[in-house]
Amino acid sequence: MPPLEPELNPQSAGHAYRPVDLAREHGISSQAVRNYERDGVIPAARRTPSGYRVYTEVHAAGLRAYLALVAAHGYATGGEIMRAAVGGDLGTALRAVDTSHAQLLRDRETLDAVETTIGVLTAAPTPTPPGRPLTVGDLAHRLGVTPATLRKWERAGVLSPARDRPSQQRQYGPEDVRDAELAHLLRRGGYRLDHIATVMRQVRAADGPGPLAASLHAWRERLATRGHAMLVAAGHLAGYLATTGP
């Protein structure tokens, strides 16, 4: 256990702070502050002749920024952003921020696609042919696309048809046909295959449109919370950068 660090008077020490002073603001331990310094997500502290750490307003701003970035972007991206900012690599820091914002936008688009899908699923179901499963050619003809398109959707995770054991031909049952028709609808709406694949996974995992519809409100609230956290984190990151000068 590290030795207790002596009291520092911020007025006489030029706004100098101990680890405990920084930690108290956030309800974390002094050791956590030392760990963050070790990991490079806040700047290195000046040391007294006896080896004690002395933090400044720059460190306080850096700690606020890091914790806000973690809340908004997660530990990995928050750490990447702050290590780059501490190292003076603003371009890398901003690129990581942009990438995370782009992911949030993709998540919003996926949610929109899921809501569109649920609207279709809860409407009158599209009749499917009775009897045997459809072949890839049958389904392609039904949708007005090529067999190659259906194979591409399968590679992207949109469809997962069963295979006939002897021939290994694809067999599309009623649920596969439903998924293919939903995918076709979303493709016409301009959605990318990775979004559509996520939608299909959500539908399958929820065991149908009913449970999935019930989760949409919570899903949208989580996205709103993330978006707000990103705004807060951006303000703290800007505050930290302001303390480090041009």
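The values are calculated or read from the model by the stated rules, or taken from the named source; none is laboratory data. Owing to the predicted nature of the structure, the values given are computational and were not obtained by experimental measurement. All Cβ positions, glycine included, derive from the backbone under ideal geometry; neighbour counts span all protein chains shown. Heads up: the accessible areas ignore ligands, DNA and RNA and are worked out on the full protein's heavy atoms, side chains in. Shrake-Rupley method; radii C 1.70, N 1.55, O 1.52, S 1.80 Å.
Numbers at a glance
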quantity: Pairs with Cβ under 9 Å, 6+ apart, first in the stretch 86-100 and within 16 Å of His236 (Cα to Cα), second of a type in the set (Lys, Arg); calculated: Ala93/Arg83
quantity: Any hit, the stretch 39-49, residues being modelled with pLDDT of 95 or more, surrounded by 14 or more Cβ atoms within 10 Å (Cβ to Cβ) and hydroxyl-bearing (Ser, Thr, Tyr); calculated: no
quantity: Per-region count, the stretch 149-194, residues farther than 17 Å from Thr117 by Cα, part of a helix (DSSP H, G or I) and either open to solvent by less than 60 Å² (accessible area, probe 1.4 Å) or at pLDDT below 90 (or both); calculated: 3
quantity: Every residue from the stretch 108-142 that is under 34 Å from the mean Cα position of the chain (by Cα), buried (at least 17 other Cβ atoms within 10 Å of the Cβ) and modelled with pLDDT of 80 or more; calculated: Leu111
quantity: Criterion violated by Glu57 - all others in (1) open to solvent by less than 40 Å² (accessible area, probe 1.4 Å); (2) farther than 24 Å from His228 by Cα satisfied; calculated: (1)
